[in-house]
Amino acid sequence: MIIKRLSIFYILLFLLAAQSSLAEDGYRLWLRYDQIKDAGKLKDYRKNISALVVEGDSPTLQVIEKELNIGLSGLLGKAIPVTDKLPKKGAVVAGTPETSPLIRSLDIKSKLQEVGEEGYLLLSTSLNGKKVTAIAANTEVGVLYGAFHFLRLLQTQQDINNLAISNSPETKHRVLNHWDNLDRTVERGYAGFSLWDWHKLPDYIDPRYIDYARANASIGINGTVLTNVNANALVLTEPYLIKTKALADAFRPYGLKVFLTARFSAPMEIGGLKTADPLDPQVQAWWKEKADEIYSHIPDFGGFLVKADSEGQPGPHNYKRTHAEGANMLADAVAPHGGIVMWRAFVYSHEAPDDRAKQAYNEFKPLDGKFRDNVLLQVKNGAIDFQPREPFHPLFGAMPETPLMMEFQITQEYLGQGTHLAYLAPMWEEVLDADTYAKGEGSTVADVVDGSLDNHSLSAMAGVANIGTDRNWTGHPFGQANWYAFGRLAWNPYLSSEEIAEEWVRMTFSNEEAVVQDIKNMMLNSHEAVVNYMTPLGLHHIMGWSHHYGPGPWIKDKHRADWTSVYYHKADENGIGFDRTASGSDALSQYFPPVEEKFSDPKTTPEKYLLWFHHLPWDYKTESGRTLWDEMALRYQAGVDSVRQMQRTWDALEGSVDPERFRHVKEYLAIQESDAEWWRDAVLLYFQTFSKRPLPAGVEKPAHTLEYYMQLDPKFVPGI
Ligand code: BDP
């Protein structure tokens, strides 16, 4: 009896444990490895495979072995043991020709040559008469990327019986930018605090560091800038370098290099010098020594990211030097160690009377060809600042002698922050696919960024991270999709947002066809929905002051005009929009002629950019035949309607998605709906004071007065 009772007790305990281990809190991201159900052809594969062979032993090989072991065993629902010899039945064999005699014995030399340092081959072949799946690469990290690709094929239920895949990244540096401060707050972070627990480093290595590196490796991210672009020089002092080294050591097996932001005035702040002038020999020597010191701790340190002469950050302009002189000084310091400098082009001055959208181009275009070989210019996707929609930045294509890298913002500073569902890949795709015409038709932004247009071997893409200490990493469960999509696009900027969404949904939620389609559709429509309820028709920068949450088209009379809303929408009784044609700021002249011509005429400007480039009367006739005012009002309404559509789709998925994540998303969608209504009502009431026209039929009546919306002032919005 006692025994029985005890065993029941243990069964209960076991059930409880099993239940809690099934907690769907999102921690596992897209690396779930739950057993595949009804997987057709995978059944044969399951029968044929009996072991995993990863010869050799190194930190990266151990990671590969562990990942494939848990991945295959989980997905196939049977133990796939690790052996050092080929088993009787089939096996997965992973390695490089150096680490693995089995891989060496395959006839793949020329194929391997083509995939370069980080690429890989996935091949269904045979070894000693036995069927194997070979994951082969020139480097161990290449094998790791191949292993993740192979697992993804299984996770997304593709046929893996006849693989002949060769794959390699299109860009060299695929980097997350963490805007993380040393006190663990995160500028524009909406998912808790910084992952980096500086206080406990270097002694305590939070297991999350490993899971972070692993998640990045799974999507090909190979660099991480640990610190905020609004930089603190302290991170370059020895105690912090030792902490940074501990992180670098933890990330290394995953192929993830660390970078730091360099505060331009560091030689003065922590070096005791009287100047930070980049042409001063003492300053140059200080940075060289500093670089030597960093590399003595971290031999594979990636280099520096720099925000200079921008929004109050110090820079070479303080000494009447150019950005090239500033960047080159740092580049010379890291060059002997193989480091790079990512110099940001996000530069504009509130003292300059010129259109803010023009300033980066004016500043940097004349410096083309003046940067060292190990400098990349990091350019935001658009010329203002990560708005819900921006036309591509005119610098892309305009500096053929300089490698230009893309900076996307994964964190949704201007797209609903932590609570709105906005899948950003369609927005990024729109920019990457845009034709600059730099070398005639078909010179896309992606061609610039991957270096192919101007034959640069140095190429990169950066994404401002949306990751924090929240259990699910990104706050919003769908924020994970943006981290995922960024990695996939950095690896291959020619992938479509749709295929990336499909992969992510299958790996994260379900492989059931109907569920996949529904979630995918929600995602693919979500960016346009946000644009509609926030900034349709090319409107931009009309959000709330400082925290940037919610609408604020009335923001004016601040110490910087270019931080106000009225500077950008220019609404008056005659109309609305920023005239960037030759009759206005002439920002359009910064584009190549075919683009300039197209965007100069409102009739040939895509409507999504209309008010970005043109100031138009309220009764301007839009493509639908409606007046500009009516069209605008209906777009705001359409944005709200799209959110409600997302809600209906999601509600219908109850039961097809685990209850925990279902409820989480459902409650966030309710916030998104009321925020969308807030945007619509506040913005339309405000613009109505100029248009003096009624809301067209179909647009819901605002719930409150304009005064009510104008006095709303949410406090303690995260991320400031
Ligand atoms: C703006 C952010 C600000 C950043 C800046 C930047 O509001 O917090 O410091 O971009 O990119 O969008 O440097």
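The single condition among (1) open to solvent by 10 Å² or more (accessible area, probe 1.4 Å); (2) farther than 24 Å from Glu596 by Cβ; (3) of a type in the set (Ser, Thr, Tyr); (4) more than 16 Å from the ligand (Cβ to nearest atom) that Tyr414 does not satisfy is (4). Restricting attention to the stretch 260-282 and to residues that are part of a helix (DSSP H, G or I) and open to solvent by 40 Å² or more (accessible area, probe 1.4 Å), the residue that is farthest from Leu182 (Cα to Cα) turns out to be Pro281. When the stretch 389-401 is filtered for residues that are over 18 Å from Gln359 (Cα atoms) and either surrounded by 24 or more Cβ atoms within 10 Å (Cβ to Cβ) or not assigned by TED's automatic domain parsing to the domain that holds Ala191 (or both), only Arg389 remains. Within the set Trp491, Trp473, the sole residue that is in contact with a Pro (Cβ under 9 Å, 6 or more places away or on another chain) and in the same structural domain as Asp450 (by TED's automatic domain parsing) turns out to be Trp491.
Among the residues of the stretch 223-232, those that are in contact (Cβ under 8 Å) with a residue 60 or more places away in the chain and either within 16 Å of the ligand (Cβ to nearest atom) or among the hydrophobic types (A, V, I, L, M, F, W, C) (or both) comprise Val225, Val229, Asn230, Ala231. Of Glu660, Glu700, Glu707, all but one fail to be free of Cβ contacts under 8 Å to residues at least 12 places away in the same chain, surrounded by fewer than 16 Cβ atoms within 10 Å (Cβ to Cβ), among the acidic types (Asp, Glu) and not assigned by TED's automatic domain parsing to the domain that holds Thr411; the exception is Glu707. Sort out which residues of the stretch 244-259 are surrounded by fewer than 23 Cβ atoms within 10 Å (Cβ to Cβ), under 17 Å from Leu182 (Cβ atoms) and not hydrophobic (A, V, I, L, M, F, W, C), and write them in order of number. Within the stretch 244-259, just Lys245 meets the criteria. The residues of the stretch 607-619 that are part of a loop (DSSP other than H, G, I, E, B), surrounded by 15 or more Cβ atoms within 10 Å (Cβ to Cβ) and out of contact with any Pro (no Cβ under 8 Å at 6 or more places or on another chain), listed by number, are His615, Trp618. Whether a residue is more than 16 Å from the ligand (Cβ to nearest atom), farther than 15 Å from Met329 by Cβ, open to solvent by 40 Å² or more (accessible area, probe 1.4 Å) and assigned to a loop (DSSP other than H, G, I, E, B) was assessed, and Gly220 does not pass this test. Taking the stretch 35-56 as the range and being within 33 Å of the chain's Cα centre (by Cα) and not hydrophobic (A, V, I, L, M, F, W, C) as the test, the residues that pass are Gln35, Lys37.
Based on this model, can you work out whether Pro101 counts as more than 23 Å from Arg46 (Cα to Cα) and open to solvent by 10 Å² or more (accessible area, probe 1.4 Å)? Yes. Condition (residue is open to solvent by 10 Å² or more (accessible area, probe 1.4 Å), part of a helix (DSSP H, G or I) and among the charged types (D, E, K, R)) applied to the stretch 576-588: is it met by at least one residue? No, that holds for no residue.
Screening the stretch 390-411 for residues that are in contact with a Gly (Cβ under 9 Å, 6 or more places away or on another chain) and more than 15 Å from the ligand (Cβ to nearest atom) and picking the one that is farthest from Val531 (Cα to Cα) gives Glu401.
On the basis of being in the same structural domain as His569 (by TED's automatic domain parsing) and open to solvent by less than 40 Å² (accessible area, probe 1.4 Å), does Pro694 make the cut? It is false that Pro694 is in the same structural domain as His569 (by TED's automatic domain parsing) and open to solvent by less than 40 Å² (accessible area, probe 1.4 Å).
None of Gly625, Gly639, Gly719 is of a type outside the set (D, E, K, R) and free of Cβ contacts under 8 Å to residues at least 40 places away in the same chain except Gly625. Please work out which residue is most open to solvent (accessible area, probe 1.4 Å), limiting yourself to the stretch 349-375 and to residues that are within 16 Å of the ligand (Cβ to nearest atom) and at pLDDT 95 or above. Looking at the filtered set, the residue picked out is Glu363.
Within the stretch 418-440, the set of residues being open to solvent by 10 Å² or more (accessible area, probe 1.4 Å), within 16 Å of the ligand (Cβ to nearest atom) and either assigned to a loop (DSSP other than H, G, I, E, B) or not assigned by TED's automatic domain parsing to the domain that holds Ala465 (or both) comprises Gly418 only. If the condition is being in contact (Cβ under 8 Å) with a residue 24 or more places away in the chain, open to solvent by 20 Å² or more (accessible area, probe 1.4 Å) and more than 14 Å from the ligand (Cβ to nearest atom), then the stretch 308-332 contributes Asn318, Tyr319, Arg321, Thr322, Glu325, Asp332. Within the stretch 48-64, one or more residues are closer than 18 Å to Gly129 by Cβ, open to solvent by 10 Å² or more (accessible area, probe 1.4 Å) and touching a Pro at 6+ places or on another chain (Cβ under 6 Å). Tyr45 falls short of the stated requirement of being surrounded by fewer than 16 Cβ atoms within 10 Å (Cβ to Cβ) and in contact (Cβ under 8 Å) with a residue 60 or more places away in the chain.
Exactly one residue out of Ala213, Ala285 is within 22 Å of the chain's Cα centre (by Cα) and either among the polar types (S, T, N, Q) or part of a helix (DSSP H, G or I) (or both): that is Ala213. When we screen Leu458, Leu495 for residues that are in a loop (DSSP other than H, G, I, E, B), in contact with a strand residue (DSSP E or B) (Cβ under 7 Å, 6 or more places away or on another chain) and modelled with pLDDT of 95 or more, the only hit is Leu458. Residues of the stretch 114-152 that are free of Cβ contacts under 8 Å to residues at least 24 places away in the same chain and either open to solvent by 50 Å² or more (accessible area, probe 1.4 Å) or on the phi > 0 side of the Ramachandran plot (or both): Ser126, Gly129.
The values are calculated or read from the model by the stated rules, or taken from the named source; none is laboratory data. Note that this is a predicted model, so its numbers are computed, not measured. Quick reminder, even Gly has a Cβ in these numbers, built from the backbone with ideal geometry, and neighbours come from all protein chains shown. Heavy atoms of the whole protein, side chains included, go into the accessibility calculation; ligands, DNA and RNA do not. Shrake-Rupley method; radii C 1.70, N 1.55, O 1.52, S 1.80 Å.
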